1. So for the chain, averaging the separation of alpha carbon pairs under 8 Å that are six or more residues apart and normalising by length, what relative contact order in percent results?
2. Given Cβ point charges of +1 (Lys, Arg) and -1 (Asp, Glu) and nothing else, what value in debye, to the nearest 20, does the dipole of the chain about its Cα centre take?
3. Scan around residue 101 for amide H atoms under 5 Å from its own, H built in the peptide plane at 1.01 Å from N, and keep only partners 5 or more places away or cross-chain.
4. Could you state the accessible area per residue of the chain in Å², with a 1.4 Å probe and every protein chain left in place?
5. For a quick check: with amide H placed at 1.01 Å from N, whose amide H comes under 5 Å from residue 29's, ignoring anything fewer than 5 positions away on the same chain?
6. Identify, among 47, 136, 83, the residue whose Cα sits farthest towards the positive end of the charge dipole of the range 28-138, taking +1 on the Cβ of Lys and Arg and -1 on the Cβ of Asp and Glu, with the dipole about the Cα centre.
7. For the pair residue 111/residue 99, report the inter-label distance in nm, with labels modelled 7 Å from Cα in the Cβ direction.
8. Using every pair of alpha-carbon atoms in the chain, split the distances into 5 Å bins beginning at 0 and state the percent of pairs per bin, rounded to integers.
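The values are calculated or read from the model by the stated rules, or taken from the named source; none is laboratory data. Since this is a predicted model, take the numbers as computed values, not measurements. So basically every Cβ, Gly included, is an ideal-geometry build from the backbone, and we count neighbours across all protein chains shown. SASA here: full protein model, heavy atoms, side chains in, ligands and nucleic acids out. Shrake-Rupley method; radii C 1.70, N 1.55, O 1.52, S 1.80 Å.
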Amino acid sequence: MIVVAADRSDHAGEVVEEAAALGEMAGESLHVVHVLTRGEFLDIQRASTEDTGKPVEIDRVRALAKEQAQRAIDGAGVENAEPVGLMGEPGEAVAEYAEEHDARYVVAGYRRRSPAGKVVFGSVAQKILRESARPVLMIGGR
């Protein structure tokens, strides 16, 4: 199995497409993972509480993340990929998911950032590289 980290960028479909090509060559299935951060979760909770007076259920939040993974799959025009929605710190969550599911590879996209941008904002791609015990393939934007 190949775990694909999918964010909300325009680049996500391209990453899924490249991972699908790798999966086809290697005879591996794809699990496309989108991770909602704690901040995003809190924003969803706040909006739900303001709109309905009730907090949103955790399963609904995971479903929202799964829907985002499905959008990346649809954007790539890939069939037979499994969307997965998680919550947490994206780099760690993707690496843990890959380990728990005995993934053969992890595929992620990256954006070029200035050195200052890396220091201030970090990089999910860098965290996946550091945290993953699996081989990682990075796909740069075209």
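1. Over the chain, the number comes to 31 percent.
2. Computed about the Cα centre, the dipole is about 620 debye.
3. none
4. Here the per-residue accessible area is 58 Å².
5. For residue 29, the qualifying residues are 2.
6. Farthest along the dipole direction, towards plus: 136.
7. The answer from the label model is 2.8 nm.
8. 2, 11, 19, 22, 20, 13, 8, 4, 1, 0
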